[in-house]
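Below: one structure, written as structure tokens.
The numbers here are math on the coordinates, done by the rules we state, and not lab data. The shown structure was predicted, so the numbers you read here are calculated from the model rather than taken from an experiment. Ideal geometry is used to build each Cβ from the backbone, glycine not excepted, and the neighbour counts take in all protein chains shown.
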Amino acid sequence: MYQNEPTITNAIYGIYAVEELVQKNRQSIDKIYFNDKDKKGKLFELLKTVKKEKIPYACIPENKLDKMSNKFPHQGVVAFRTVRPYDDEKKLWEIIETNENPLFILPAGIEDPGNLGAIIRSASAFGVSAILFERKGVVPLNGTVAKTSVGTIENAVLIKPDNLENVVQRMKLGGIQIIGADGRGEFAPEQANFTKPTLIITGGEHDGIPPYLTKLCDNIVAIPMAKEVESLNVSVAMGILLYETTRQKLK
């Protein structure tokens, strides 16, 4: 489970209600939880659809579903919505097509809602065109994220592609440079050229950039720090990198 457990206020339960959510408002779904017992009929069909649509899901004991639904009848399924829907992937390609010098960020594996909210706020302050997310293992867009973003979450472009690796590869082939940020990087941020179209990738609070994204990076930078400090908070690191992009563009 994530920090800041989902609450009944953003829960949808019951086969027909969750089915309608999947059909009509998929981008607002954070995760769907199914009963881990044998699934039959409409519940089984719903699970197949969720798998096909690559919506994050998990199968858990019925007593946990009971708790999630506040003991209301859930029919073996409970879905949790985000505080706002993610933007459709096509929005990303529209931005790339219409903006001659876009800037994107990808905070991979981020688990703390406070950090994510701070990153969204910094992204808005420094003119980030869109924020990309992995499909799994990332904190949901919950109330803490919204509060920490101080309202900027409403206007930010937030995209969770079905296949993030393919999207990053396509961006790279289209001329967008991929810059990773990791303590093992060989270059300081000021040595990178942030004046051209760029995607900045950072790792999460506990792990670095995932290998499948590391291999796509054109360069990996490391923020200089005192030797006694092992690493920076991920939202602080992202703020420093975004400041450097703005500094270079304003020179």
Q. Taking +1 at the Cβ of each Lys and Arg and -1 at the Cβ of each Asp and Glu, which of Pro56, Tyr13, Gly41 sits farthest along the dipole of segment 8-81 towards its positive end, judged by Cα position relative to the Cα centre?
A. Pro56
Q: Stick to Cα atoms and the Kirkwood definition of Rh, then tell me Rg/Rh for the chain.
A: 1.01
Q.
Just to confirm my numbers, what's the Cα centroid distance between segment 126-145 and segment 86-101 in Å?
A. 16
Q: Among DSSP beta bridges lying fully in the chain, give the percent that are antiparallel, nearest 5.
A: 25
Q. Which whole number in µm²/s is D for segment 107-169 by Stokes-Einstein, with the Kirkwood Rh taken over Cα pairs at 25 °C and 0.890 mPa s?
A. 207
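Is the C-alpha gyration tensor of segment 8-81 telling us rounded, prolate or oblate? Criteria: a/c under 1.5 is rounded; beyond that, a/b larger than b/c is prolate, otherwise oblate.
Taking the square roots of the gyration eigenvalues as a ≥ b ≥ c, segment 8-81 is oblate.
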Q) Once the dipole of segment 40-130 is set up with Lys and Arg at +1 and Asp and Glu at -1 on Cβ about the Cα centre, which of Asn70, Pro113, Leu103 lies farthest towards its positive end? A) Asn70
**Q.** Alpha carbon convex hull of segment 51-181, projected area averaged over orientations, nm²
**A.** 9.3
Q: Would you mind computing, in nm to one decimal, how far apart the modelled labels at Ser231 and Leu173 are, each placed 7 Å from Cα along Cα→Cβ?
A: 3.2
Q) How high is the relative contact order of segment 90-209, given as a whole-number percent (alpha carbon pairs under 8 Å, six or more residues apart)? A) 34
Q) Can you give the calculated 222 nm mean residue ellipticity of the chain, where each DSSP H run of n ≥ 4 adds -39,500 (n - 2.57) and the sum is split over every residue, rounded to the nearest 500 deg cm²/dmol? A) -10000 deg cm²/dmol
**Q.** Loop-located GluC sites (Glu not before Pro) in segment 1-98 whose Cβ has at most 13 other Cβ within 10 Å (DSSP)
**A.** Glu53
Q. Which residue, chosen from Val138, Val234, Thr198, occupies the Cα position most advanced towards the positive end of the dipole of segment 90-249, where the dipole is computed from +1 (Lys, Arg) and -1 (Asp, Glu) charges on Cβ about the Cα centre?
A. Thr198
**Q.** Straight-distance crosslink candidates among lysines, where the alpha carbon sits under 26 Å from Lys91 and sequence neighbours closer than 8 are dropped
**A.** Lys24, Lys31, Lys51, Lys52, Lys54, Lys136, Lys147, Lys160, Lys172, Lys196, Lys215, Lys249
Q: Once every Cα of segment 185-251 carries one equal point scatterer and solvent is ignored, give the base-10 log of I(q)/I(0) from the Debye formula at q = 0.12, 0.16 Å⁻¹, two decimals.
A: -0.32, -0.57
